[in-house]
Structures are given as structure tokens and as C-alpha cells.
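A short worksheet on the structure shown next.
The values are calculated or read from the model by the stated rules, or taken from the named source; none is laboratory data. Since the model is a prediction, treat every value here as computed from it, not as a measurement. As a convention, Cβ positions derive from the backbone with ideal geometry for all residues, glycine included, and neighbour counts pool all protein chains shown.
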């Protein structure tokens, strides 16, 4: 159990480093895609305004909604975060602890129907690459995590 939680935390950390350590595509060109209906580059104020709900947590570079406000692709989870360094949406993460396998299976079906077969699916961590977004799902015994970020130029 501890190993699966630790593995998920490590995967999230690696994904976060991947997003923040490499020059962001929004720095040089307009990007397509987004997270949870918000295009990359959207300001935190716009996200809060369009959701119509104040976040449960607001930091300088992210906003977070918990419990009943943590909704992604119609699935309610425990937490959804919008990461926006420089006040521009740059990534998002959705986490669910209750029935994580059910959420994983639902999101896997949704993303496969929408984007086709994942480009990579090693150790149960599928990755979809869309024209403007990379999407990663991960599942452990205790949690399911979906992360999205702009597709980085090669």
C-alpha cells in the first residue's frame, strides 16, 4: 500500500518536473488543448470566475478545489488542481481516493474514445498525446490520478 502511494507521488513529481523544468510551449507560440475545459494560458481569475466557486486553496501558482467541487470529465474526486505559474494555466491534476479503479476505468474509456489508443501504456500508466495536450493516468491501490499538460515541442 505504501509503495503504491509512494509510486504515485513519485510519478506526479516527475510529471511536475517535466512540466516546469523544460521551456514551456506557451512562451513561444499559441498552444491548443487545455485542462477541464480551460485552454492553456487561461488566468486563475478566469477559471474561478467561470467555475463560479471560490477555490478551497489558492497559492501564487495554483488553485485547488476539494470534494464536491473536484469534478473532471463528469467524475467527482477528492482534489482537482489548476497549476498556473505566471498566472497562465500550464497543467492540471485530478485525484480520487474512493473507488480509484472505477474512476481510472471510466477516464481510460473516455480518453480512448476521444483520442484513440494511448501512445504508451507501461505498467498501467497510459499516455495520450493530443494536438495540444499530453494526458497521463496512473492508478495505485489507494488513488487514481489524471494529469494533463501542454504537449511540449520535440
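Among the conditions (1) at pLDDT 95 or above; (2) buried (at least 20 other Cβ atoms within 10 Å of the Cβ); (3) in contact with a helix residue (DSSP H, G or I) (Cβ under 8 Å, 6 or more places away or on another chain), residue 81 misses just one, which is (3).
Inside region 56-72, residues that are within 15 Å of residue 88 (Cβ to Cβ) and in contact with a strand residue (DSSP E or B) (Cβ under 8 Å, 6 or more places away or on another chain) make up a count of 3.
Here's the yes/no breakdown for (1) within 14 Å of the chain's Cα centre (by Cα); (2) surrounded by fewer than 21 Cβ atoms within 10 Å (Cβ to Cβ); (3) at negative phi:
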site	(1), (2), (3)
86	no, yes, no
89	yes, no, yes
105	no, yes, yes
135	yes, no, yes
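Scanning region 141-154 for residues being surrounded by fewer than 21 Cβ atoms within 10 Å (Cβ to Cβ) and either assigned to a helix (DSSP H, G or I) or touching a residue at least 24 places away in the same chain (Cβ under 8 Å) (or both) gives a total of 5. Which of the residues spanning region 113-130 are within 16 Å of the chain's Cα centre (by Cα) and in contact (Cβ under 8 Å) with a residue 12 or more places away in the chain? Once the filter is applied, which keeps residues that are within 16 Å of the chain's Cα centre (by Cα) and in contact (Cβ under 8 Å) with a residue 12 or more places away in the chain, region 113-130 yields 115, 125, 126, 128, 129, 130.
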